[in-house]
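Engineer: The structure under discussion is supplied below as C-alpha cells; questions concerning it will follow.
The values are calculated or read from the model by the stated rules, or taken from the named source; none is laboratory data. What you are looking at is a predicted structure, and each value in this text was computed from that prediction instead of being measured. A quick note on method: Cβ atoms are made from the backbone with ideal geometry, for glycine too, and the neighbour counts reach across all protein chains shown.
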Amino acid sequence: MNSDFTLAIHSLTLLAQQPDKMSSSDAIAESACVHPVRIRKVLSLLKKHGYITSKEGTGGGFIFTLHPEDVNLWDLYKVTSEGALQPKCPDSNETCIVGANMQTILFNIFLGAEEHMGEYLRKYTIKTIVDFVNQT
C-alpha cells in the first residue's frame, strides 16, 4: 500500500471536518506533515475522481463535494492503490515447476487477500474516520 491512500483519507477527513470552508493544499500538507507538492498530487487524483472541487486564487482551495458517509475506504484504496498488494516476482526459470508457476500462484493468493481487505475497508467511511477523530 502506498502513502497516497493514507494521504487521501487524511485530506478528505480534514475537508469533512470543515464542510463550508475551503482549505489550501498548504494547510492540508501542514496537517499531514508532507510537502505541499506531494499533497497536491493526491488532491489532483481526488478531484479527478469527483471527491473534491477546487477554486483558484484568493480565498480558494479545496472542498469536499460528496457526503462523508458516502465515501468508503475501499473506494479510496481503488483510486490510489489498487493492485499494490500484487507480488513483484522476478523473472523465473520457466523450465522449473516452481519457477514456471510461482507468479500465477502468488498473484491468485494476493488477489484474494486484496478482496478480503476490500470487504473490510468497505465498512469504514470518511464519516467513520471523522467520528474517530472527534472521539479522541
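Engineer: Could you list all residues from segment 38-67 that are in contact (Cβ under 8 Å) with a residue 12 or more places away in the chain and assigned to a loop (DSSP other than H, G, I, E, B)?
Structural biologist: Matches in segment 38-67: His49, Gly50, Tyr51, Gly59, Gly60, Thr65, Leu66, His67.
Engineer: Additional query: Residue by residue through segment 1-37, note down the ones that are assigned to a helix (DSSP H, G or I), at pLDDT below 95 and either of a type in the set (Lys, Arg) or in contact with a Phe, Trp or Tyr (Cβ under 9 Å, 6 or more places away or on another chain) (or both).
Structural biologist: none
Engineer: Next up: Restricting the first residue to segment 93-113 and requiring it to be on the phi < 0 side of the Ramachandran plot and without any contact (Cβ under 8 Å) to a residue 12 or more places away in the chain, which pairs with a second residue that is part of a helix (DSSP H, G or I) and not aliphatic (A, V, I, L, M) meet a Cβ separation below 9 Å and a spacing of at least six or different chains?
Structural biologist: Asn93/Gly99
Engineer: Right, something else. Hydrophobic (A, V, I, L, M, F, W, C) and more than 22 Å from Thr125 (Cβ to Cβ): is that true of Ala29 in this structure?
Structural biologist: Taking the combined requirement at face value, the residue satisfies it.
Engineer: Out of Gln103, Gln86, which single residue is of a type in the set (S, T, N, Q) and under 25 Å from Ser3 (Cβ atoms)?
Structural biologist: Going through Gln103, Gln86 in turn, just one is of a type in the set (S, T, N, Q) and under 25 Å from Ser3 (Cβ atoms): Gln86.
Conditions tested, residue by residue: (1) within 18 Å of the chain's Cα centre (by Cα); (2) surrounded by 13 or more Cβ atoms within 10 Å (Cβ to Cβ); (3) modelled with pLDDT of 95 or more.
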| residue | (1), (2), (3) |
| --- | --- |
| Gly83 | yes, no, no |
| Pro87 | no, no, no |
| Val98 | no, no, no |
| Met102 | no, yes, no |
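Engineer: In the set Ser23, Ser3, Ser81, which member is hydroxyl-bearing (Ser, Thr, Tyr), within 20 Å of Tyr124 (Cβ to Cβ) and touching a residue at least 40 places away in the same chain (Cβ under 8 Å)?
Structural biologist: On inspection, the qualifying residue turns out to be Ser81.
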